[in-house]
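Notes follow the structure.
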């Protein structure tokens, strides 16, 4: 099985590739070749950085079209961190008029300032997956945790798109699912055994 990790000049690509290899997905590979993505069984869009600069990189490289075409094919797709945020319609980060991919209708919002709350959120936080969520199936531990690094969070228009929640000053969507599209605000590749279990679950979709 081939898992294309899409390279658009941003994102923690090598760590994601190594994490997939660790769970037995030796067919995971990094590529910026549209033909290679098109021939893959699954695709992953990692991301680091700001929403607007990520969208600019996606459009300059043509990866925005590649992502849209892959998702339209019905094959499993996974966004990670900013790779989750750009799936939404728009963001408060950067130019508020700059559009996202609008695959999952919704908006990306900044954490509201609160006493004692450091922004960005950096570190581990709990995951509360929806019942029967394939990504959250069989996670180790009674209260699974994952690693986060972000100042903004996703608010899908449809609550049915929320696959998991957590809380950082406010409760928020930390994983989403719509049709063949999955995404996590946290970094599964940096989240130890829990993160590896989530990537293994995605590989089984």
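The values are calculated or read from the model by the stated rules, or taken from the named source; none is laboratory data. None of the values given here were measured: they were computed from a predicted structure. Using ideal geometry, Cβ is built from the backbone for each residue, glycine included, and neighbour counts are taken over all protein chains shown.
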**OP:** Taking the options 1, 25, 10, name whichever one is more than 28 Å from residue 158 (Cα to Cα), in contact (Cβ under 8 Å) with a residue 12 or more places away in the chain and out of contact with any strand residue (DSSP E or B) (no Cβ under 8 Å at 6 or more places or on another chain).
**Re:** 10
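Give 108, 104, 194 a once-over and let me know the one that is touching a strand residue (DSSP E or B) at 6+ places or on another chain (Cβ under 7 Å), in a strand (DSSP E or B) and modelled with pLDDT of 95 or more.
Working: 104 fails: in a strand (DSSP E or B); 194 fails: in a strand (DSSP E or B).
Within the list 108, 104, 194, the selection yields 108.
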Original post:
For the stretch 1-41, what are the residues that are part of a strand (DSSP E or B) and crowded, with 20+ Cβ neighbours inside 10 Å?
Top reply: 3, 4, 5, 6, 28
**OP:** Could you please find all residues in the stretch 78-101 being closer than 24 Å to residue 204 by Cα and either more than 14 Å from the chain's Cα centre (by Cα) or assigned to a strand (DSSP E or B) (or both)?
**Re:** 78, 79, 80
Subject >> Filter result (under 12 Å from residue 54 (Cβ atoms) and surrounded by fewer than 17 Cβ atoms within 10 Å (Cβ to Cβ)) within the stretch 87-108 >> reply: 94, 98
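Looking only at residues that are assigned to a strand (DSSP E or B) and in contact with a helix residue (DSSP H, G or I) (Cβ under 9 Å, 6 or more places away or on another chain) in the stretch 130-149, which one is surrounded by the fewest Cβ atoms within 10 Å (Cβ to Cβ)?
First, pick out the residues of the stretch 130-149 that are assigned to a strand (DSSP E or B): 145-149.
Still in the running and in contact with a helix residue (DSSP H, G or I) (Cβ under 9 Å, 6 or more places away or on another chain): 145-147, 149.
Working: 145: 18, 146: 24, 147: 17, 149: 15.
Once the filter is applied, the top-ranked residue is 149.
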**OP:** Please state which of the following conditions residue 65 fails to meet, knowing it meets all the rest: (1) surrounded by fewer than 16 Cβ atoms within 10 Å (Cβ to Cβ); (2) in contact with a helix residue (DSSP H, G or I) (Cβ under 9 Å, 6 or more places away or on another chain); (3) outside any helix (DSSP H, G or I).
**Re:** (3)
**OP:** Please state which of the following conditions residue 160 fails to meet, knowing it meets all the rest: (1) assigned to a helix (DSSP H, G or I); (2) over 27 Å from residue 27 (Cα atoms); (3) in contact with a helix residue (DSSP H, G or I) (Cβ under 8 Å, 6 or more places away or on another chain).
**Re:** (3)
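So, in the stretch 166-191, of the ones that are in a loop (DSSP other than H, G, I, E, B) and crowded, with 19+ Cβ neighbours inside 10 Å, which residue ends up nearest to the chain's Cα centre (by Cα)?
Only one residue fits best here, namely 185.
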